[in-house]
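Shown next, in structure tokens, is the structure this report addresses.
None of the figures in this text is laboratory data; all of them are computed from the coordinates on show. Everything numeric here is computed off the predicted structure, so don't read it as measured data.
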Amino acid sequence: MSNNTQPYLQHHFANKEQQHEASKLGMWAFLVTEVLTFSGLFCAYVIFRNIYPATFQLCGDLLNTQLGLINTIVLITSSLTMALAIYYIQNDDRKKTIQCLAVTLLLAAVFMVIKYFEYTHKIHVGQLPTGEFFYPNLPESVGEGASKEMIRPGFYFSIYFMMTGLHGIHVLGGMAVIGAMMYNTHKGRYSSEYYTPIEVTGLFWHLVDLVWIFLFPLLYLIG
Amino acid sequence: MSNQKHEHHIIPLSTYFKVFGALMVLTALTVITAQVDLGGWANIVLAMFIATIKASLVLMFFMHLYYDNKTNLIFFLGSVLFLIIFITFTLIDVDYRDKIYKEGAMSPQDDKSYKEYITKQPSPSSDH
């Protein structure tokens, strides 16, 4: 077990297993901070939904559920291909690893293109955050009582754009890293002996999927 | 070094595909149940329940927490715990602050010492 036979083993780790575990724990610590980053926006969502229930109900209906559903399927499938990429590198199949990563990257791009069409449509018709909102065809209420009134529709779209925007930035970041993983795999830097970077990238990508699993029903479905 | 072969648990492909299938079925379920008005908070509770099951599947199998060192799981559950504390306590504050003021318990309008506090510079010895 000398270091000469394992050039990827850094000197401050006892063995590669410890090194692998330490890297993964570090990634989980980062994912914890990611969850807490998103939790601020989830908290804002819960508070404003509680204060303006009718606004969230009516504005939620304006979102295109079909596009949201397609994006959900796209993202879950990309999570599968990411998991498969790790399976193949564990089995030393670099070609299939690169193929799986490429499909993941492609699906991420599909997600972003759909997001782009959703955003441009909303900007065009004026379904925009507070201050910029000018969409004219909104009903005034969803029934009797003050809590059923439609007030401040911009609040909903402020939260919509912030949540999906921050999520979209994570998708773009993930795409960049997955691209780097493809390059490194192509260069033969990873094998079943050492694939920690791919596994850690996978963890990040699954977290992006996790956030969307909650965003989809909260924004698109519950009207 | 005798357990070299076991050090990285390789999860069989069939597990990944089963989990993927379950995620797709649950996605369909959440879309279908959202079309039905269950009344009150039932829709949002059900949707969040299904989302939590989906998230657990992703965490356990795609993210390997089911097979991993439990330290990773504890780290992650820590973030969930603080997420719950954050949202619950903010919600309690926003929802019930009005009621406390209405009952006069801590109303800034009625509280003399509070008025003194905001109108005058309080002396270091004043009790507010």
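Summed over qualifying helices (DSSP H, 4 residues or more, each -39500 (n - 2.57)) and divided by its residue number, the protein assembly as shown shows a 222 nm mean residue ellipticity of -24000 deg cm²/dmol. The amide H of A:Ser141, built 1.01 Å from its N in the peptide plane, has A:Met150 as neighbours under 5 Å, considering only residues 5 or more places off or on other chains.
Helix A:65-90 and the longest principal axis of the C-alpha atoms of chain A enclose an angle of approximately 10°.
Highest GNM mean-square fluctuation among A:Lys187, A:Lys24, A:Lys96, for chain A modelled with Cα contacts below 10 Å: A:Lys187. Backbone geometry of segment A:117-124 corresponds, through the Karplus equation with coefficients 6.51, -1.76 and 1.60 at θ = phi - 60°, to 3J(HN,Hα) couplings of 5, 4, 5, 5, 4, 5, 5, 5 Hz, x marking Gly and Pro.
Once the Cα atoms are used to define both axes, helix A:16-51 deviates from the longest principal axis of chain A by about 0 degrees.
The tail of the calculated P(r) for chain A beyond 28 Å holds 41 percent of all Cα-Cα pairs.
Across segment B:74-83, coupling constants 3J(HN,Hα) worked out from phi with the 6.51/-1.76/1.60 Karplus curve, θ = phi - 60°, read 5, 4, 5, 4, x, 5, 5, 4, 6, 4 Hz, and Gly and Pro carry x. Measuring between alpha carbons in the structure, the pairs from A:Lys95/B:Lys70; A:Lys95/B:Lys18; A:Lys148/B:Lys54; A:Lys122/B:Lys54; A:Lys122/A:Lys148 lying more than 26 angstrom apart are A:Lys95/B:Lys70; A:Lys148/B:Lys54; A:Lys122/B:Lys54. With everything on Cα atoms, drop me the angle between helix A:53-62 and the longest principal axis of chain A, reported from 0 to 90° to the nearest 10. Relative to chain A, helix A:53-62 is tipped by roughly 70 degrees.
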